[in-house]
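No value in this document is a laboratory result; all are computed from the given coordinates. Every value quoted in this text rests on a predicted model; they were computed, and no experiment measured them. Here the Cβ positions follow ideal geometry from the backbone for every residue, glycine too, while neighbour counts run over all protein chains shown.
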Amino acid sequence: MDSDGRTGERGVRSGAQELRGKSRAGLKILIPGYVQWTWRQRERAAVIFGSFAMAMGVGVFSWGTWLSLALLAFAFGTHVVSAVDILRQSAFPGFGRWMPLLSASGGLALGVYAPAVLVATLVAWPAMDGVSGKDGYLVNYWAFRARAPRDGDWVWLQFSPWGDTHVGRVVARAGQEVEWSRNRLHVDGQRVRPDAALRLSSTPDELAFVVPSGHVLMTPDARSHRRPGSDRLVLVPNDQVAGRAWARMYPLWDRQPLH
């Protein structure tokens, strides 16, 4: 009787120690599957982390598309499953059937994913452009809050001066002397590198002027789907510059930073 009592006591004590060990998840819960891995639940951890990493990786790469939205939602769901699994195994007193799900989804959504999405939309807003929306760009709306656009910057404009694309490249700023002759663009006597000097069919053969105050001189993206005749040099007021277009996001096979 006494032996059985001691055996039962040891069983209760070992079970309590196991629960106390499992309850020390802390910030590790922010990495899906990591806590399960430390608890030696290797197969479960591998499935959770593998599913999350694959969905998150492809979702971030395809950011701005419907595929990205679906994959990021799946990654969030996988993270919630991981957190719920941890909470249920930790056996917190007072947790009912739905409390782990509600606490995990609410905590992760408000504390992690909502701030991350907010930051992403400010520095990498997906914007469709061009004829019939065939071009897509990632736009940083915070880029020019602390500084003005510089030569070579790709910018997103509030209104399209070309009629079909909102993205252009700054080739000259206020006060700079511009000369366009024989399909060559010079700014302050220096030739603009060839990939920025387009064959601008709508621009006069000979042109020379000084960029007025509060304006920038721009050319459109040569790779965008534009209407014929919309390739021309334009002067744009600084207040029309909404943000910096720093990458092409669509089509997916043409994703690359803008240089």
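A few points about this structure:
- Added length on full extension, which subtracts the Cα-Cα distance from 0.36 nm per residue, R232 to T121: 36.9 nm
- Distance (nanometres) between label positions extended 7 Å along Cα→Cβ at Q190 and R40: 6.5 nm
- Net charge contributed by nearby residues that have their C-beta within less than 14 Å of A146 (K/R +1, D/E -1): +3
- A simple spin-label model places the labels of R255 and R182 4.3 nm from each other, with each point 7 Å out along Cα-to-Cβ.
- Förster radius 35 Å - calculated FRET efficiency between V210 and V60 (Cβ-Cβ, nearest 0.05): 0.20
- V117, V80, V216 arranged by Cβ crowding within 10 Å, fewest neighbours leading: V117, V80, V216
- Spin-label pair W142/L101, simplified geometry with 7 Å Cα→Cβ offset, distance in nm: 3.5 nm
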